[in-house]
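Chemist: I have a structure here, written as structure tokens, and I will follow up with some questions on it.
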Amino acid sequence: MGVLNSLKKAMGIDPNKMPKALIDMQNHKCFVLMHEIYTISNANRERNWQPLKYKGNEKYEALKKSDSALKIELIDFLIEYKGIYQKWRTDKDIYYHENWLADMIQDFLGSLMRQKIDFTASKLIEYIHLYKKYSPHSVFFPFPFHQTMMQLEKLAKAGKIKSEQIAEIQAITKWEDFTTTYDDALKANKRFKNILHMAGGESDTEQAFRFNEEDPFGVFANKTLAELNPEHARKYNSVLLACSGATQAKPSARFLKNVKTLVDGLSIAQFKKITLSLFEYVSTMKHHDKTVHYPEDDYTYTYQVFLIKDNAAVLKGLVWSYAHFYDSKSIGTIAKLCERCFQKIPGVGPASAAIGNACIYTLARSKGMEGVGYLSRLKLVIKQSNTQKLIQKYIDELSEKLNVTPEEVEDLSAQDFGLDRGEKNINFDDYTLRVYIDRVGSVGMQWIKPDGNLQKTVPANVKSSAALSKKLTNVKTEVKLIAKMVTTARDQLDRSMVNNRDLTWDYFQQYYFNHGLRHFLVKDLLWYIESADQSDTILYHEEQWVNLEGNPVDWMDSETRVFLWHPVFCAADEIMAWRNKLVDLQVKQPLKQAFREIYLLTEAEINTRLYSNRMASHIIKQHQFNALTSIRGWKYQLMGWFDDGRDNDIASKVLKKYGLTAEFWIVEMAAEEDYNEAGIWQYVSTDQVRFVDVEGNPVELIHIPKIVLSEILRDVDLFVGVCSVGNDPQWMDNGGHAQHRDYWQSYSFGDLNEIAKTRKTILESLVPKLKIGKVSRIEGKFLIVQGKLRTYKIHIGSTNILMEPNDQYLCIVPSRKKDTSADKVFLPFDGDKGLSLVISKAMLLADDDKITDSTIVSQIGA
């Protein structure tokens with residue numbers, strides 16, 4: 001009883017409880033050898049729960065060097081021993097701590113099965129049958145099924161599986177263990193198919209690969225594959241089988257090489273046609289409900305899902321296969337797929353982060369700069385901070401490789417789509433289609449007849465020609481992409497203002513002014529230029545650069561430095577002069593530049609030294625705040641009742657150029673029942689803004705560069721201005737707490753912040769020119785509108801409304817549809833939705849006798 005007694009001492013196993021068959025096996029040389037190896041490894045660990053380590057164990061090292069016959073004999077013995085032990089333990093309901101012997105044998109078996117052993121396919125198939133015999137409920141546990149499959153795969157690759165063994169494997173795949181929809185079964189089934197395919201089996205190995213049809217994509221994909229001819233289907237089947245094993249985070253070099261070899265054996269055009277159609281389908285697919293019923297508990301659970309896990313794995317592998325393709329259509333389709341995969345499913349998260357990350361990998365590995373150009377855009381539109389960080393990592397890697405800055409990488413990769421100063425002409429036989437950037441986010445198309453006149457509709461010859469119709473479809477797809485890229489370029493310029501980039505005139509000309517797409521933005525912005533002996537601020541007007549006085553400026557040369565003009569460096573008179581000039585010239589800037597808010601250090605902030613309380617004590621909507629911080633390049637983590645006891649968090653933005661990190665402190669409100677289904681607080685409160693250096697030490701505000709202080713406080717003011725509950729006209733009616741009523745009232749109709757002050761400045765010059773000018777005026781923080789029925793006070797900051805004579809509140813909820821009432825009004829910049837909302841409300845209320853919305857009419861007449 002020596003061996004079992006030592007096991008009892010080590011693990012609490014009582015040999016008297018064991019069946020005679022197990023006791024008789026204790027003196028077998030295989031059991032003794034296992035025990036000796038166990039004893040040495042067990043002595044080298046401090047706690048019983050720690051895993052056994054065999055490295056450095058002389059007995060184990062000697063076993064590794066022994067011949068295959070001894071190892072196979074040892075494996076045969078341990079499988080039988082474990083099988084008998086497993087049945088005894090299950091029958092007798094042995095306690096968990098007394099099951100450690102089985103766990104130790106399982107660990108030892110797994111380690112043995114990973115070694116280099118000359119197995120035969122028959123022996124491995126025998127093991128699978130034994131696993132089923134000893135563990136009828138699950139062939140996957142507690143035996144080393146995974147390692148057994150690895151050995152079988154090696155034999156298949158080496159061509160060492162015979163036809164009779166192929167038949168046995170085919171029979172095994174029909175076991176119930178491998179035909180369910182559980183993950184283990186699905187993965188095992190795919191591995192068996194792959195083994196059979198490599199082994200060259202006939203029948204089952206030739207059957208078409210089938211996607212799981214539990215999601216819409218699976219149905220579409222199987223229908224697409226069914227339309228292939230047998231030869232194409234067989235070859236494409238090989239690729240899908242290889243891709244089905246894409247379970248890791250990144251593709252291995254071996255995977256990429258294997259898939260490339262398989263793809264090269266296909267018609268590349270046919271492969272792309274099929275695969276890109278799959279990518280396109282997923283790019284437009286919506287998530288769907290999936291219901292699971294548990295009959296034993298009579299419980300039904302419904303949740304939202306985008307892709308079934310095994311379908312997602314194959315798609316991920318297919319995306320990786322495109323690391324070898326660099327054409328624009330492939331890269332553009334993958335970028336579109338990436339964006340869709342990171343769109344959030346409410347209460348779940350990104351639709352498919354795994355596929356999205358695969359797309360990012362493929363775009364980053366593509367040759368040329370087009371893939372990086374898409375990554376630059378995705379970094380701005382994807383809201384997950386960890387994904388933004390991953391994209392930035394790839395951009396940084398490329399910048400290091402090219403020995404340029406990350407900003408220069410974005411410049412080099414910016415697509416121009418063949419545009420010349422924001423437009424291009426495309427020939428359709430005798431007709432010409434003019435494509436032009438109309439405004440940020442909008443690209444127009446205009447048909448030109450052979451005689452030069454315009455035509456409103458698509459020409460008949462284009463409609464009747466299959467080739468021209470297809471060409472037009474491709475142009476329309478490109479037009480949508482150009483519109484997105486214009487917005488991306490605008491956002492990049494806006495976010496770059498904090499860095500105050502210093503460009504040479506030649507660089508500026510090449511990558512900005514003469515860039516086909518960026519030109520549209522650059523021409524309406526102000527640029528500060530300087531050389532050794534002169535400087536000026538310039539605007540492009542009537543085909544030349546002019547200064548504030550309207551005089552042409554043409555002294556720029558290769559030594560001239562160019563900066564995107566920022567008002568924080570200018571006197572108030574100069575700022576006002578430029579604002580007036582832009583309005584007089586009817587120049588609509590693509591971003592708020594001349595009218596940009598500036599935030600200078602106050603006396604109170606000099607006294608507090610390390611922090612600013614300028615934006616403290618506001619109640620904001622946390623989810624909206626989280627989304628907006630991500631858009632503006634900040635990092636923030638949602639807080640909820642489930643967290644680790646934190647009652648505050650920090651939204652932060654790294655300012656790498658300055659060696660600083662800006663922090664905006666956020667505090668939980670933790671109001672009862674103020675959280676969503678995921679346990680996230682609906683509302684939080686704002687606190688101080690501060691800066692820390694690279695070591696995390698606070699930096700006095702007086703030492704922060706003024707452009708940095710201004711831009712950071714502008715961001716924070718934007719967060720508060722957009723996310724404050726004071727902006728929500730229905731907040732008090734939709735669950736707003738009575739204890740916060742004073743805050744809602746004070747913000748909704750209180751003092752104007754800097755953004756609202758700028759808005760007021762514009763309204764003061766704009767309103768008199770509008771048709772509502774005779775019935776509207778500015779008084780303090782309100783735009784007063786004299787309607788036919790009542791007089792209204794529209795708060796210029798929150799856009800909320802009071803009605804005279806008793807300051808009765810008027811609730812007007814903005815429509816989800818785009819309001820076009822203010823579109824014909826000239827505004828000197830894009831991007832202030834609040835300004836458009838004030839104007840549209842004023843236009844509506846000026847003709848209050850024509851309002852038909854019953855919810856508004858009932859309030860006005862009350």
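Chemist: With every protein chain left in place and a probe of 1.4 Å, what is the accessible surface of Lys841, to the nearest 10 Å²?
Modeler: For Lys841, the solvent-accessible surface is approximately 10 Å².
Chemist: While we're here: For Ile84, Ile538, what's the largest-to-smallest order of accessible area, 1.4 Å probe?
Modeler: Output order, biggest surface exposure first: Ile84, Ile538.
Chemist: Within region 259-371, what whole-number % of the accessible surface is contributed by carbon and sulfur, with the 1.4 Å probe and all protein chains included in the calculation?
Modeler: 53
Chemist: Given a Förster radius of 45 Å and the C-beta distance between Gln534 and Thr602 as r, what FRET efficiency does 1/(1 + (r/R0)^6) yield to the nearest 0.05?
Modeler: About 0.85, to the nearest 0.05.
Chemist: Using all Cα-Cα distances in region 365-411, what percent lands in each 5 angstrom bin from 0 up to the longest?
Modeler: Cα pair-distance distribution for region 365-411, in percent: 5, 23, 34, 25, 10, 2.
Chemist: On to the next question. Scan around Ile117 for amide H atoms under 5 Å from its own, H built in the peptide plane at 1.01 Å from N, and keep only partners 5 or more places away or cross-chain.
Modeler: none
Chemist: Hey, another quick one. In sequence order, what are the phi-derived ³J(HN,Hα) couplings for region 749-758 according to the Karplus relation 6.51 cos²θ - 1.76 cosθ + 1.60 with θ = phi - 60°, rounded to whole Hz, with x for glycine and proline?
Modeler: Once rounded to whole Hz, the list reads 10, x, 5, 7, 7, 5, 4, 5, 5, 5.
Chemist: Also: Take Gln455 and Lys588, extend 7 Å from each Cα along the Cα→Cβ direction, and tell me the distance between the two endpoints in nm.
Modeler: Here the answer is 2.9 nm between the modelled labels.
Chemist: Let me ask something else. Residue by residue through region 487-495, what is 3J(HN,Hα) from phi via Karplus (6.51 cos²θ - 1.76 cosθ + 1.60, θ = phi - 60°)? Round to whole Hz and write x for glycine and proline.
Modeler: 4, 4, 4, 4, 5, 5, 5, 4, 6
Chemist: In debye to the nearest 20, how big a dipole does the chain give about its Cα centre with +1 on each Lys and Arg Cβ and -1 on each Asp and Glu Cβ?
Modeler: Computed charge dipole of the chain: roughly 2280 debye.
Chemist: Oh, and also: Which peptide among 379-385, 444-450, 825-831 comes first, and what is the full order, when sorted by highest mean count of other Cβ atoms within 10 Å?
Modeler: Those peptides, ordered most packed to least, come out 379-385, 825-831, 444-450.
Chemist: Remind me, what semi-axes does region 286-395 give for its equivalent ellipsoid, largest first in whole Å, using sqrt of 5 times each Cα gyration tensor eigenvalue?
Modeler: Those come to 31, 15, 10 Å.
Chemist: At 222 nm, what helix-only mean residue ellipticity would the chain give, in deg cm²/dmol to the nearest 500, using -39500 (n - 2.57) for each DSSP H run of four or more?
Modeler: Taking each H run of at least 4 residues, the total per residue is -14500 deg cm²/dmol.
Chemist: Take the cross-link list Lys133/Lys290; Lys424/Lys653; Lys187/Lys272; Lys235/Lys367; Lys193/Lys260 and give me the ones stretching past 31 Å between alpha-carbons. Working shown, then result.
Modeler: Numbers: Lys133/Lys290 35 Å; Lys424/Lys653 39 Å; Lys187/Lys272 26 Å; Lys235/Lys367 27 Å; Lys193/Lys260 20 Å.
Violating the 31 Å limit, Cα to Cα: Lys133/Lys290; Lys424/Lys653.
Chemist: Can you tell which of Pro350, Val475, Ile712 lies farthest toward the positive end of the dipole of the chain, using +1 and -1 charges on the Cβ of basic and acidic side chains (Lys, Arg; Asp, Glu)?
Modeler: Working it through, the farthest residue towards the positive pole turns out to be Val475.
Chemist: Taking amide H atoms as placed 1.01 Å from N in the peptide plane, list the residues 5 or more away in sequence, or in a different chain, whose amide H sits under 5 Å from that of Tyr675.
Modeler: For Tyr675, whose amide H was placed from the backbone, the distant partners under 5 Å are Gln682.
Chemist: List the residues of region 525-539 whose backbone N lies under 13 Å from a point placed 7 Å from the Cα of Asn547 along the Cα-to-Cβ direction.
Modeler: 528-531, 533-539
Chemist: If you don't mind, there's one more thing I want to ask. Give me P(r) over region 118-248, computed from all C-alpha to C-alpha distances, binned every 10 Å, as integer percentages.
Modeler: P(r) over region 118-248, rounded to whole percents: 12, 42, 34, 11, 1.
Chemist: Any aspartates and glutamates with Cα under 16 Å of the Lys132 Cα? List them, leaving off those in the same chain fewer than 8 positions away.
Modeler: Within the straight-line cut-off, Lys132 pairs with Asp76, Glu80, Glu168, Glu176, Asp177, Asp184.
Chemist: Express the accessible area of the chain per residue in Å², computed with a 1.4 Å probe while the remaining protein chains stay in the model.
Modeler: 49
Chemist: I would also like to ask the following. P(r) of region 333-377 in 10 Å steps, Cα pairs, percent per bin?
Modeler: P(r) over region 333-377, rounded to whole percents: 31, 49, 17, 3.
Chemist: If you take the Cα atoms of the chain, find Rg, then find the Kirkwood Rh from the mean of 1/r over all pairs, what is Rg/Rh?
Modeler: Expressed as Rg/Rh, it is 1.05.
Chemist: Along the principal axes of its C-alpha atoms, what lengths does region 588-666 span, in descending order and rounded to whole Å?
Modeler: Taking max minus min along each principal axis of the Cα atoms, region 588-666 gives 45, 36, 28 Å.
Chemist: Net charge near Asp430, counting Lys/Arg +1 and Asp/Glu -1 over other residues with Cβ under 12 Å of its Cβ?
Modeler: -1
Chemist: Follow-up. Length gain on complete extension for the stretch Asp298 to Tyr507, per 0.36 nm per residue less the alpha carbon to alpha carbon distance?
Modeler: 68.3 nm
Chemist: Another one. Calculate what fraction, in whole %, of the accessible area of region 209-253 sits on carbon and sulfur atoms when a 1.4 Å probe is rolled over the protein chains. List each step's numbers first, then the result.
Modeler: On the way: 1180 of 2110 Å².
Roughly 56 percent, rounded to a whole number.
Chemist: For Met497, Met843, give the ranking by accessible area with the largest first, probe 1.4 Å.
Modeler: Putting Met497, Met843 in descending order of accessible area: Met843, Met497.
Chemist: Right, next: So, R0 is 51 Å and r is the distance between the beta-carbons of Asp807 and Phe569; what FRET efficiency does that work out to, to 0.05?
Modeler: Details: r = 42 Å, r/R0 = 0.82.
Once the sixth-power term is evaluated, E becomes 0.75.
Chemist: Taking the mean number of other Cβ atoms within 10 Å as a proxy for protection, how do you rank 329-338, 386-395 from highest to lowest?
Modeler: Numbers: 329-338: 22.0, 386-395: 16.8.
Highest-to-lowest ranking by the protection proxy: 329-338, 386-395.
Chemist: Output the Kirkwood hydrodynamic radius of region 501-570, Cα pairs only, in Å rounded to one decimal. Could the numbers behind the result be given before it?
Modeler: Numbers: mean 1/r = 0.0814 Å⁻¹.
This gives a value of 12.3 Å.
The values are calculated or read from the model by the stated rules, or taken from the named source; none is laboratory data. The structure displayed is predicted, hence computed values, not measured ones. Positions of Cβ are generated from backbone atoms using ideal geometry, with glycine treated the same way; all protein chains shown enter the neighbour counts. Side chains included, ligands, DNA and RNA excluded: accessible areas come from the protein's heavy atoms. Shrake-Rupley method; radii C 1.70, N 1.55, O 1.52, S 1.80 Å.
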